[in-house]
Protein chains: 2
Amino acid sequence: MRILLDVMGGDLPSRELVKGGVSVGRKRRIDVVFAGDPQEIGRALFDSRVKPGGQFDILPCAETIRMEDAPVKAVREKKGSSLVLGLNALREGHVDAFVSPGNTGAVVAGSIFILDRISEIPRPGILASLPTLTGKEILVIDVGANSDCTPEQLVHFGWMGASYARDVLGIDEPMTGLLNIGAERGKGNRLIADTFARLEAGPLPFAGNVEAHHLLIDRPVDIVVCDGFVGNVFLKAVEGGISAVTSLLKRTIRGRAIAMIGALLMSGSFARVKKSLSYRRHGGAPLLGVNGVVVIAHGRSDAVAIGSAVEVACREVEVGLIDRLARGISGWREHGH
Amino acid sequence: MRILLDVMGGDLPSRELVKGGVSVGRKRRIDVVFAGDPQEIGRALFDSRVKPGGQFDILPCAETIRMEDAPVKAVREKKGSSLVLGLNALREGHVDAFVSPGNTGAVVAGSIFILDRISEIPRPGILASLPTLTGKEILVIDVGANSDCTPEQLVHFGWMGASYARDVLGIDEPMTGLLNIGAERGKGNRLIADTFARLEAGPLPFAGNVEAHHLLIDRPVDIVVCDGFVGNVFLKAVEGGISAVTSLLKRTIRGRAIAMIGALLMSGSFARVKKSLSYRRHGGAPLLGVNGVVVIAHGRSDAVAIGSAVEVACREVEVGLIDRLARGISGWREHGH
């Protein structure tokens, strides 16, 4: 297996991402191709005592798509960027998957232009996998590919999430819920009301509305469906709530001797909590609906986080997700409306 | 000052809410009228050694609007409910404010029907005040009154939030931000793009986009504007993130002797964190844009939380919020477009 890792365009320098790629490549015994500035990658490989060529290779790129670039324009104009060259390599079959911590909008736009979509899915969706207190992950789709959605698109997100849950996570009869602001039928906006009716009439096992405050605690469903704007706010708000508690706790104990001793005795527990809820361990969001394995990593990804994003891509390649997804979607479509 | 407290329709029994009302009434030296089942309220007052009449009085009601009731229908049909009778008492000037932990949609619908709106505001908004790590609160409007909004409504929420920040919280030049999924201009959906342009061209000090993950940490603005669906998801997601950390921490230490001793030594810190982030201390969300002081409390409000909701109402009455809000909105409107 051969994974392309875009080491440009993330917040951290490419040597950090190369380090993560080499580490996961050795661990999983897979080939990793690094797309980016050849000199920087070369130096980073040298630091990791790796000779380029063979298991770890370089795709030299002269341009970078930055976080602040307008997605569609950047993809059209920066033909020599790691993002465009990397997606081309995936389309042409030189690699099995594309992983990037760069500009999310540009990854989405580039994937649609270069890879095209599968099974008449008009818009791909980004799937996030969040740790919950039950020990099992909960899937949320879409978390940022589409800011304006139709009910039909939300139904497609449900289909794709269900296929992923079944084919990658091995969940037999994955249950879908609709992210809403109340548990009762009839709550929410027009988009949600229309989507509710379609999901209810459709072939997916559907549990109705779910609310944001208990998703990480009870994990009421396997897949949560929402539009990309709401999903992205949800994700960042959860992150904000978690950081608020942990930062406040740190500030509160500062200078209080007894509390600091207490914190020391609890350090193992804190580490376990941090690890359980860390995006670094869950650092890779598949873009579903395009014709190729694309995984979007957090812009702030370090070596550990980018490694876990590469592992997400590996699992998708191993199970042959794209074919299964296409078959799954056709199946839902036939059984549906 | 005379505050009406609707003790029906919340999740907790009315005796808990009466207890909270009596306690805050004594502390703030204000009159409280309890709307609900007269026998239950009478018993609860007896338990608090209070004789009905005078400072603490009863508005007897025969009906209850429940959480699952359809708002508009419930308000139209349940004329004898604590919600309808309480809002009538406010309109007729028998009380200065109305506080309820009941069905949010019904409070919004009832307030519009019975109190009417101020200053040509087509839709009122619910304002939440959230604790942040800076020690100052951040205001978010709307957090659930309107699931489908127009850009114009979002601009009104900004005006009302700014008036509240200035007139109730005493912030001189309150700064407004737009809740979005990226900091850059041009991010987000059509509603947000249109609202951004209007806020930028309008009279309010406007800081541009803000993102959900750092609102509670940096407090980048005084007022965050969003539609009620997104605002409600935001609020519940933050709550979910906070509960996830605290629950996980509790589970992690269970059975680990050293960690439990650590937790004991840290209990003061935990209590401080809990108090800082607790909705019970920040338990009352004003409904702005209707012609009367209306405060919506959390459905799960206990005596402490309902007391803090009553205090929110007191502050609004003290500063004469409704008149100031009406003048403020007229001012923004004149200086605007």
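For a 20 Å ceiling on Cα separation, which of these pairs sit above it: B:K136/B:K250; B:K19/B:K136; B:K27/B:K51; B:K19/B:K73; A:K187/B:K73; A:K250/B:K136? Before the final figure, lay out each step's value.
Details: B:K136/B:K250 28 Å; B:K19/B:K136 29 Å; B:K27/B:K51 17 Å; B:K19/B:K73 31 Å; A:K187/B:K73 14 Å; A:K250/B:K136 18 Å.
From B:K136/B:K250; B:K19/B:K136; B:K27/B:K51; B:K19/B:K73; A:K187/B:K73; A:K250/B:K136, over 20 Å: B:K136/B:K250; B:K19/B:K136; B:K19/B:K73.
Within 10 Å of each Cβ in A:183-191, how many Cβ atoms from other chains are there, averaged over the peptide?
Working: counts 2, 5, 1, 4, 5, 6, 8, 2, 3.
Average per residue, whole number: 4.
Where in chain A is the longest stretch that carries no GluC sites (Glu not before Pro) classed as loop by DSSP and with at most 16 other Cβ atoms within 10 Å?
Values: sites that count: A:E68, A:E92, A:E120, A:E184.
Answer from the scan: A:185-337.
Please work out the Kirkwood hydrodynamic radius for the stretch A:1-95, using every pair of different C-alpha atoms, and report it in angstroms with one decimal place. Don't jump to the answer; show the numbers that get you there.
On the way: mean 1/r = 0.0749 Å⁻¹.
After inverting the mean inverse Cα-Cα distance, the result is 13.4 Å.
Would you work out which of B:G135, B:W159, B:G186 lies farthest towards the positive end of the dipole of the stretch B:125-279, given +1 charges on the beta-carbon of Lys and Arg and -1 on that of Asp and Glu, about the Cα centre?
Farthest towards the positive pole: B:G135.
Need one word for chain B: rounded, prolate or oblate. Basis is the Cα gyration tensor (sqrt eigenvalues a ≥ b ≥ c); a/c below 1.5 gives rounded, then a/b vs b/c decides. Before the final figure, lay out the partial values.
Details: a/c = 1.82, a/b = 1.10, b/c = 1.65.
Taking the square roots of the gyration eigenvalues as a ≥ b ≥ c, chain B is oblate.
Kirkwood Rh, Cα Rg: Rg to Rh for the stretch A:125-279? Mind showing how you got there, number by number?
Values: Rg = 18.1 Å, Rh = 16.8 Å.
Rounded to two decimals, Rg/Rh equals 1.08.
Can you give me the Cα centroid spacing of the stretch B:293-336 and the stretch B:138-165 in angstrom?
With the stretch B:293-336 and the stretch B:138-165 each reduced to a Cα centre, they are spaced 13 Å.
Would you mind calculating the gained length between A:R49 and A:R256 on full extension (0.36 nm times residue separation, minus the Cα-Cα distance), in nm to one decimal? Please report the intermediate quantities before stating the final value.
Details: separation 207, 0.36 × 207 = 74.52 nm, distance 4.57 nm.
Between A:R49 and A:R256, full extension yields an extra 69.9 nm.
With a cut-off of at most 15 other beta carbons within 10 Å, and DSSP calling the residue loop, which trypsin sites (Lys or Arg not before Pro) in the stretch A:42-95 qualify? Please list them.
Working: sites: A:R43, A:R49, A:R66, A:K73, A:R76, A:K78, A:K79, A:R91; in loops: A:R49, A:R66, A:K78, A:K79.
Hits after loop and neighbour filter: A:R49, A:R66, A:K79.
If we hang a label 7 Å off Cα along the beta carbon direction at B:H335, how far is it from the matching labels on the other copies, in nm, shortest first?
Nearest to farthest, the other copies are at 5.9 nm.
In nm to one decimal, list the spacings between the B:A207 label point and its equivalents in the other copies, with label points set 7 Å along Cα to Cβ, shortest first.
3.7
In nm, one decimal, shortest first: how far is the label point of A:E77 (7 Å from Cα along Cα to beta carbon) from the matching points in the other copies?
6.0
Within the stretch B:166-196, find all residues whose amide N lies under 16 Å from a label point positioned 7 Å from the Cα of A:K73 along Cα-to-beta-carbon.
Residues B:184-188 fall inside that zone.
Run through every distinct alpha carbon pair of the stretch A:146-196 and return the Kirkwood hydrodynamic radius in angstroms, one decimal place. The partial results should precede the final answer.
Details: mean 1/r = 0.0829 Å⁻¹.
Its Kirkwood hydrodynamic radius stands at 12.1 Å.
Which one, A:V290, A:V72, A:V310, has the greatest fluctuation when you compute a Gaussian network model over chain A with C-alpha springs under 10 angstrom?
Ranking A:V290, A:V72, A:V310 by mean-square fluctuation puts A:V72 first.
Once you place label points 7 Å from the Cα toward the Cβ at B:S330 and A:R190, how far apart are they in nm?
3.4 nm
Dipole size in debye (nearest 20) for the protein assembly as shown around its Cα centre, Lys and Arg Cβ +1, Asp and Glu Cβ -1?
Working: 80 positive and 74 negative charges, 506 e Å.
In total the dipole reaches around 2420 debye.
Please check: in the Gaussian network model of chain A (C-alpha springs, under 10 Å), which one of A:G241, A:G21, A:G289 has the largest mean-square fluctuation.
Between A:G241, A:G21, A:G289, it is A:G241 that shows the largest mean-square fluctuation.
Per DSSP H run of at least 4 residues, take -39500 (n - 2.57); add these up for the protein assembly as shown, divide by its residues and hand me the 222 nm value, nearest 500 deg cm²/dmol.
On the way: 26 runs with 330 residues, N = 674.
So the helix-based figure for the protein assembly as shown works out to -15500 deg cm²/dmol.
Return the FRET efficiency for the residue pair A:H94, B:K136: r is the Cβ-Cβ distance, R0 is 56 Å, and the value is rounded to the nearest 0.05. Intermediate values should be presented prior to the final figure.
Details: r = 54 Å, r/R0 = 0.96.
Approximately 0.55, to the nearest 0.05.
Of all the residues in chain A, which one has the C-beta that comes nearest the axis relating A to B, and what is the distance in Å?
That would be A:G241, 1.
What does the charge add up to near B:P101, with Lys and Arg as +1, Asp and Glu as -1, over the other residues with Cβ less than 11 Å from its Cβ? Don't jump to the answer; show the numbers that get you there.
Details: positive: B:R300; negative: B:D6, B:D11, B:E16, B:D302.
With Lys, Arg at +1 and Asp, Glu at -1, the net is -3.
Less than 14 Å Cβ to Cβ from B:A74, Lys/Arg counted +1 and Asp/Glu -1: what total charge do the surrounding residues give? All intermediate terms of the calculation are to be shown ahead of the outcome.
Values: positive: B:R66, B:K73, B:R76, B:K78, B:K79; negative: A:E184, B:D6, B:E63, B:E68, B:D69, B:E77.
Local charge sum for B:A74: -1.
As a footprinting exposure proxy, order B:D172, B:D194 by other Cβ within 10 Å, with the fewest listed first. Could the numbers behind the result be given before it?
Numbers: B:D172 7, B:D194 15.
The order, fewest Cβ neighbours first, is B:D172, B:D194.
Can you give me the distance in nm between label points at B:D323 and A:E152, each placed 7 Å from the Cα along the Cα-to-Cβ direction?
Going from the B:D323 label point to the A:E152 one covers 5.6 nm.
Around A:V32, what is the net charge, scoring Lys/Arg as +1 and Asp/Glu as -1 over all other residues with Cβ under 12 Å from its Cβ? Spell out each step's value before the answer.
Working: positive: A:R2, A:K19, A:R26, A:K27, A:R28, A:R29; negative: A:D6, A:D31, A:D57, A:D96, A:E311.
My count for the surroundings of A:V32 gives +1.
Mind checking A:139-147 for the average number of partner chain beta-carbons within 10 Å of each residue's beta-carbon? All intermediate terms of the calculation are to be shown ahead of the outcome.
Working: counts 0, 0, 0, 0, 1, 3, 0, 1, 10.
Mean inter-chain Cβ contacts per residue within 10 Å come to 2.
If you rank A:C61, A:C226 by fewest surrounding Cβ atoms within 10 Å, what's the result?
Working: A:C61 23, A:C226 29.
In increasing order of surrounding Cβ atoms, one gets A:C61, A:C226.
How much length is gained if the chain between B:E173 and B:D218 is pulled fully straight, taking 0.36 nm per residue apart and subtracting their Cα-Cα distance, in nm to one decimal? Write down the numbers at each step before the final one.
On the way: separation 45, 0.36 × 45 = 16.20 nm, distance 1.80 nm.
Stretched fully, the B:E173-B:D218 segment lengthens by 14.4 nm.
Which of these, A:A62, A:A297, A:A285, has the largest mean-square fluctuation under a Gaussian network model of chain A (Cα springs below 10 Å)?
Among A:A62, A:A297, A:A285, the largest GNM mean-square fluctuation belongs to A:A62.
If you average the alpha carbon positions of the stretch B:41-118 and of the stretch A:15-70, how far apart do those two centres end up, in angstrom?
65 Å
Return one quarter of the surface area of the convex hull spanned by the alpha-carbon atoms of the protein assembly as shown, equal to its mean projected area, in nm².
Details: hull surface 125.5 nm².
Here the figure is 31.4 nm², rounded to one decimal.
All of the numbers you see were taken from the coordinates with simple rules; none came from a lab. Since the model is a prediction, treat every value here as computed from it, not as a measurement. Heads up, the Cβs are rebuilt from the backbone with ideal geometry, glycines too, and the neighbour counts pull from every protein chain shown.
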